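Worksheet: one structure, shown below.
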Amino acid sequence: MWNKIDPKTMNKNVFSMIGDQWMLITAGTVERCNTMTASWGGMGVLWGKNVAMAFIRPQRYTFEFVEKNDWFTLSFLEERYRKQLALCGAKSGRDTDKVKECNFTVKTGESGAPYFDEAELVLVCRKLYWQDFDRTHFLDASIENNYPNHDYHRMYVGEIVEALKKG
Ligand SMILES: Cc1cc2nc3c(=O)[nH]c(=O)nc-3n(C[C@H](O)[C@H](O)[C@H](O)COP(=O)(O)O)c2cc1C
């Protein structure tokens, strides 16, 4: 059963949640959505709102879904789903139905934004802002090493409108 929680009561470490546990960024509709694994991101407070940040390279199929929709969700899954997370980070939704392959169940909250019933925690985010990284603003030259193809991430800042925890 899913419970709506106050993001302030989240008791997991954000760095391990994003960097080690990984998350699924999902956007679209129940009928047609796409998801991808992400291990870069952020959570914080901006413009007086609780926000989450996602960084998506423009060639990702998920990019198209996040672009076209006002919402995206971040699903955090337990360790037993590591294989599925790896698959969603290796295959593109352009070539395969990842939701089907992972046997995930798509759910939606009040916003209609899709997330996965298999998750233990879901952040439903309403897009507030986007910006593409500008290489002329990199203050550490080594950052450029992440972009041999000049495919600079687009940053999305989303307001965390719902935080849902499996209880
Ligand atoms: C652990 C892990 C973390 C990843 N983090 C990101 C990320 O933060 N941003 C990004 O654009 N791609 C990231 N990727 C790559 C995408 O998940 C991968 O390219 C995926 O196949 C894209 O799927 P799509 O084309 O269906 O959107 C990551 C992959 C893995 C395995």
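The table for this structure:
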item: Built amide H within the under 5 Å cut-off of Arg57, gap 5+; result: Arg154
item: Proximal charge balance of Cys33 [Cβ under 12 Å; K/R count +1, D/E count -1]; result: +2
item: Relative contact order [Cα under 8 Å, 6+ residues apart], region 93-167, whole percent; result: 35 percent
item: Net lengthening on full extension, Lys8/Ser39 (0.36 nm per residue, minus Cα-Cα); result: 9.0 nm
item: Extension gain (nm, one decimal) between Asn149 and Tyr61, 0.36 nm per residue minus Cα-Cα; result: 30.0 nm
item: Computed over region 36-138: relative contact order in percent, which uses C-alpha pairs under 8 Å that are six or more apart; result: 30 percent
item: Simple spin-label estimate for Asp20 and Ser92 in nanometres, 7 Å along Cα-Cβ; result: 3.3 nm
item: Area of Phe65 that stays accessible when all protein chains are in place (1.4 Å probe, Å², to 10); result: 20 Å²
item: Highest-MSF residue in the chain out of Asp132, Asp117, Asp140 [GNM, Cα springs under 10 Å]; result: Asp140
item: Extension gain from Lys100 to Glu31, taking 0.36 nm per residue of separation minus the Cα-Cα distance; result: 23.6 nm
item: Gaussian network model of the chain, springs between alpha carbon atoms under 10 Å - residue of Thr26, Thr96, Thr108 with greatest fluctuation; result: Thr96
item: Three-way shape label, region 1-135, alpha-carbon gyration tensor, a/c 1.5; result: rounded
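The values are calculated or read from the model by the stated rules, or taken from the named source; none is laboratory data. Please read these numbers as outputs of a predicted model, since none were measured by experiment. Every residue, glycine as well, gets a Cβ built from its backbone with ideal geometry; the counts of neighbours run over all protein chains shown. These accessible areas exclude ligands, DNA and RNA; they are computed on the full protein's heavy atoms, side chains included. Shrake-Rupley method; radii C 1.70, N 1.55, O 1.52, S 1.80 Å.
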